[in-house]
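The values are calculated or read from the model by the stated rules, or taken from the named source; none is laboratory data. Please read all numbers here as calculations on a predicted model, not as lab measurements. With ideal geometry, Cβ positions are generated from the backbone for all residues, glycine too; neighbour counts draw on all protein chains shown.
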Amino acid sequence: MAKLAMFGGSRTIDRGSVPAEQIRWPIVTEAEHESARRVFDSGSFTSNSTGGGEVAALEREWAEFVGAPYCAAVSNGTAAIELALAAAGIEPGAEILVPALSFVASAVGAVQRMLVPVFVDIDPVTFAMSPAAAKELITPRTRAILVVHLHGLPADMTAFRALADQHGLLLIEDAAQSHGASYLGQRTGTLGDIATFSLNVVKNLPTCGEGGLITTADPELHRKVVLHRQFGEDLTRRERDYVSRVLAGNAKLSAVQAAFARCQLDRLAEYDAARQVNVRAMFDSLADLPGLLLPAVPEDRTHAWHILRMRFDPVAMGCPEVAPGALRTILHRALRAEGVPLQQYQLVPLPWQEAFRERAGFGGYPWKLNDVAPVTHRADDYPVTTAVIEDSLTLQRWHLNPNSGPALLRCAEAMHKVWENLDTLIPIARSVEHRPPWSEFTEERVEA
Ligand SMILES: *Cc1c(COP(=O)(O)O)cnc(C)c1O
């Protein structure tokens, strides 16, 4: 049995031994260089007008790709959420359901519109918001559901559509991680009333920096998004009149970013196809490791594989007495030592991020707009979210590269090595005193 790198054995994946061509992201080709020169030569650098230029071309191409009638490009994925909510005209103080497991931006976009995020526990299979848990949290003040297709897998949209229709709620997709994924044959971006995407450089459709896209089938929502994108000005007029029709800021996308994203969009389907093969091959080679739970993909949807999340089950590993968090900590150490770049994604449920615990907001708003009850932070408020955070690790970058197949198989090889050494690792896991990060503030009560 090979000695673990953690105990002085040789690393499975030596530092620098993985060729950059296999794991770099994003991939920049001659097409991207050429597109930037095209913008510089055009003299048209932003999206002050509608109809022409790189920004409008990206909007047309993305609308066509996802199958949505309308698309507006904006400055980033967080601004996209804020603008989608602005376009919907939801009043300050209203509640919006947001998943307890996501990137913080999913809730920040709402708070910036003075909406109160109400956090909902997740589904253990999809890792997206649980429709059953969402239903329990709907109040007369609820106006919208913001569903995140977490890690690239579409959420249970049939259930969310029914819930939204039943209660007259706006259904928003935060599709920042799910470019190209589909549900019942329809791409994310067409599954709710309005959808937001990020073009951040780490996403599946990256630009050279920051960017975002908003899709919808509703011409009125689209018109309002465009109005809110630039100072409330109506740019469909022949000449710019500098009249602000609604109070709004500036969230336009630059032409260089649009041109770069168009090059990436040309290759998105090809990269996605390669990713399906590479990820599947890695998972196939891991299928026989006891206690390793690989992500499930229900038959009615496809996965964009933005993030790969693997869960570890102490019971199936024959150590039911070990806390899942302790086991995950030891596996993390062992796998990092072997050179596998695993990370935790979100250390606490979103509502327990300090910003939300303290409810500082804008001088206590938007929460002050409601007679919100005092907050309690009970450890069992988000049982699935906390269980998933405790017992899993994620792979976040290498697999985005379409040539990552060999690198992923080396990760799998390292995992096999670690599993062969479980007998040495489990006693260590048993002896560590594990406290989840929220043990410091759960059960405490904070006055609103
Ligand atoms: C990245 C991300 C965002 C924010 O996008 P930015 O372009 O970085 O502002 C929002 N929601 C989710 C789920 C994300 O992963």
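If you go through region 134-146 and pick out every residue that is of a type in the set (D, E, K, R) and assigned to a loop (DSSP other than H, G, I, E, B), you end up with 1. Residues that are in contact with a strand residue (DSSP E or B) (Cβ under 7 Å, 6 or more places away or on another chain) and in a strand (DSSP E or B) were ranked within region 363-394; the one that is surrounded by the most Cβ atoms within 10 Å (Cβ to Cβ) is 393. Looking across region 106-133, the residues that are more than 20 Å from residue 309 (Cα to Cα) and not in a strand (DSSP E or B) come down to 107, 108, 109, 110, 111, 112, 113, 114, 115, 131, 132, 133. Take region 246-265 and flag every residue that is in a loop (DSSP other than H, G, I, E, B) and more than 24 Å from the chain's Cα centre (by Cα). The answer is 246, 247, 248, 249.
Summed over region 160-182, the residues that are assigned to a loop (DSSP other than H, G, I, E, B) and more than 16 Å from the ligand (Cβ to nearest atom) give a count of 2.
Across region 183-212, which residue is farthest from the ligand (Cβ to nearest atom) among those that are part of a strand (DSSP E or B) and of a type in the set (A, V, I, L, M)?
Out of the qualifying residues, it is 194.
Restricted to region 174-190, and to residues there that are within 14 Å of the chain's Cα centre (by Cα) and among the hydroxyl-bearing types (Ser, Thr, Tyr), the residue that is surrounded by the most Cβ atoms within 10 Å (Cβ to Cβ) is 178.
Taken as a whole, region 78-100 holds no residue that is under 21 Å from residue 295 (Cα atoms), in a helix (DSSP H, G or I) and within 16 Å of the ligand (Cβ to nearest atom). The combined condition, being within 16 Å of the ligand (Cβ to nearest atom) and closer than 18 Å to residue 195 by Cβ, is not fulfilled by residue 134. For region 229-244, indicate whether the set of residues that are modelled with pLDDT under 95 and of a type in the set (A, V, I, L, M) is non-empty. Yes: one or more hits. The set of residues in region 213-245 that are among the β-branched types (Val, Ile, Thr), assigned to a loop (DSSP other than H, G, I, E, B) and in contact (Cβ under 8 Å) with a residue 12 or more places away in the chain contains only 236.
Checking each residue in region 229-253 for being touching a Gly at 6+ places or on another chain (Cβ under 8 Å) and of a type outside the set (A, V, I, L, M, F, W, C) picks out 244, 245.
For region 46-58, indicate whether the set of residues that are within 30 Å of residue 416 (Cβ to Cβ), surrounded by 13 or more Cβ atoms within 10 Å (Cβ to Cβ) and free of Cβ contacts under 8 Å to residues at least 24 places away in the same chain is non-empty. For region 46-58, residues within 30 Å of residue 416 (Cβ to Cβ), surrounded by 13 or more Cβ atoms within 10 Å (Cβ to Cβ) and free of Cβ contacts under 8 Å to residues at least 24 places away in the same chain: absent. Of all residues in region 1-30, those satisfying the criterion of being surrounded by 15 or more Cβ atoms within 10 Å (Cβ to Cβ) and part of a helix (DSSP H, G or I) are 5, 6, 22, 23. Quick one: would you say residue 207 is under 21 Å from residue 39 (Cα atoms) and touching a residue at least 12 places away in the same chain (Cβ under 8 Å)? The answer is yes for residue 207.
Looking only at residues of region 291-344 that are among the acidic types (Asp, Glu) and surrounded by fewer than 18 Cβ atoms within 10 Å (Cβ to Cβ), we find that the one that is farthest from residue 191 (Cα to Cα) is 321.
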